[in-house]
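Okay, structure first, notes after.
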Amino acid sequence: MATGQRESGADATSESADNSADSEVIREFSKFSFFKLDRAWRHLPDDTKRDHKAEFAAIIDEIAEVTWLRSYSLVGFRADTDMLIRQASPTADSFQSTMSRMQSSGLGKYLDQSYSYLAMTRQSPYRAPRQHPDMDGKDDRSWDLKYYIVYPMVKKREWYQKPIEHRQAMMIDHFKIGHKYPTIKINTAYSFGLDDQEFVVSFETDELADFLQLVEELRSVPAGFFTESETPIFTSTLMPIRDVLETLGS
């Protein structure tokens with residue numbers, strides 16, 4: 001999948017070919033940490049739960065002062081995860097510090113990390129900045145639209161055996177469809193050798209119906225035939241951390 005809007009990797013199916021460095025491109029790490037709340041937490045005394053929420057929110061606020069961070073709720077959208085903490089940092093070490101602090105909190109003792117994805121941003125090989133100045137791969141950061149959809153992606157090995165010109169031609173058709181949906185913004189981060197997936201692809205929109213229509217239309221594009229996997233898919237809602245914690249229950 002890919003849209004015609006600004007993005008970090010410029011498409012959802014790009015890879016490491018033709019990866020010339022650009023001094024203006026932000027190369028930083030991205031971490032997507034999903035958590036499932038243990039039901040036992042809801043049976044704790046109300047005062048304890050309030051203290052847990054306040055402590056956890058304070059930790060997230062402190063981390064957000066040092067590195068870029070967003071929080072999302074998946075309550076009501078998926079059964080296997082409740083919360084997403086999305087973080088970007090120049091170094092991967094900060095993610096270990098973040099996880100350690102969260103797990104050491106009172107609430108953290110009741111949070112299971114259900115999914116975890118590590119990736120890095122860079123310029124896409126499929127689009128030149130001079131052709132698409134609004135899609136130059138300069139960041140992988142949020143536009144803070146209401147809904148955030150994210151999934152890991154793996155391409156079939158046959159994709160990488162095709163000449164770059166053939167892949168570029170297929171991606172042009174991909175982009176044409178994406179340009180029809182200006183309400184959808186895309187981020188693409190790369191995971192080659194860092195994690196099990198090859199990409200972490202994510203979309204932001206205020207209109208979920210538009211995203212559904214986009215994905216359905218992209219099913220007929222040849223570039224998509226080379227996708228090995230693109231699940232699980234997580235639909236979440238952007239919220240301040242205190243609002244996310246309120247969705248967990250009181």
Worksheet item: How would you rank Y160, Y181, going from fewest to most other Cβ atoms within 10 Å of each one's own Cβ?
Response: Y160, Y181
Worksheet item: Given the C-alpha centroids of segment 65-123 and segment 193-250, what is the distance between them in whole angstrom?
Response: 16
Discussion item. Using only alpha-carbon positions, what ratio does the radius of gyration of segment 29-119 give when scaled by 2.2 N^0.38 Å?
Written reply: 1.07
Worksheet entry | Burial ranking of peptide ranges 161-169, 229-237 (average Cβ count within 10 Å, highest at the top) | 229-237, 161-169
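Each value in this text was obtained by applying a stated rule to the coordinates, not by laboratory testing. Just so we're clear, the structure is a prediction, and the values are computed from it rather than from any experiment. For neighbour counting, all protein chains shown are included, and Cβ atoms are generated from backbone atoms with ideal geometry for every residue, glycine included.
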